[in-house]
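The values are calculated or read from the model by the stated rules, or taken from the named source; none is laboratory data. It should be emphasised that the depicted structure is a prediction, and the values quoted were computed from it without experimental measurement. Cβ: placed from backbone, ideal geometry, glycine included. Neighbour counts: every protein chain shown.
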Amino acid sequence: MEFEIRRLHAGLGSGRRYHLLDGKSRLQLVADYASPWLPADEANRVRFARSGGQVVASLDLPEGEGRVRNGRIHTSHALIIDHAVYAIINKYQDENGRKPPFFTIEADGMTWLAWNRPDDDNLLTLYKEVPTNLMIVEDPLKSMPIDPVGQVTRAAQEHDFTVSIPVNPLHHADLIMLALVFLVDTP
């Protein structure tokens, strides 16, 4: 599956919007954060809607930095579909800020890893069905033989990001990838 993601410049405060397009450049999803027309109770949420405006999900953004554990700041984000948690996206940031963050995605009974390696051209490399003890391992890729299944790259053309993942890896792969790009692109 191939997706293109465009960042729209919202010009108003902290507002951010993204469009996810399918492989044929058709609009599939819109992510909207801190737009003036969103309800006030959605201040710490990213709203996801289909191209026709139908709201399909939200991503809860916790306040604060998260909690420190094993030398990493751990922050959890819940992707909510139909008033139920569908996926948890965990962000692990080095407490000293010397290393780029990595993410684990828990959805459909699997744990995925989105890893940024300094020697890799990809923004994130994706791995699926990884062990759940990643938060205690210094470099999961050195200690666990796992092969990449996808990638998120920064694009230099008409879109800002390109996502490449296996066909139908998750029920809502488009939502998860758009949420992940939103979290990676956070200023």
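Listed by first and then second residue, the pairs with beta-carbon distance under 7 Å, at least 6 apart or on different chains, first residue in the range 105-117 and on the phi > 0 side of the Ramachandran plot, second in a loop (DSSP other than H, G, I, E, B), are Asp108/Leu170; Asp108/His171.
Condition check for Ala57 on (1) touching a Pro at 6+ places or on another chain (Cβ under 7 Å); (2) closer than 15 Å to Ile176 by Cβ: one failure, at (1).
Of the residues making up the range 62-89, those that are hydrophobic (A, V, I, L, M, F, W, C), free of Cβ contacts under 8 Å to residues at least 40 places away in the same chain and over 17 Å from Val30 (Cα atoms) are Val68, Ile73, Ala78, Ala84, Val85, Ile88. Across the range 107-137, the number of residues qualifying as buried (at least 18 other Cβ atoms within 10 Å of the Cβ) and at pLDDT 80 or above comes to 12.
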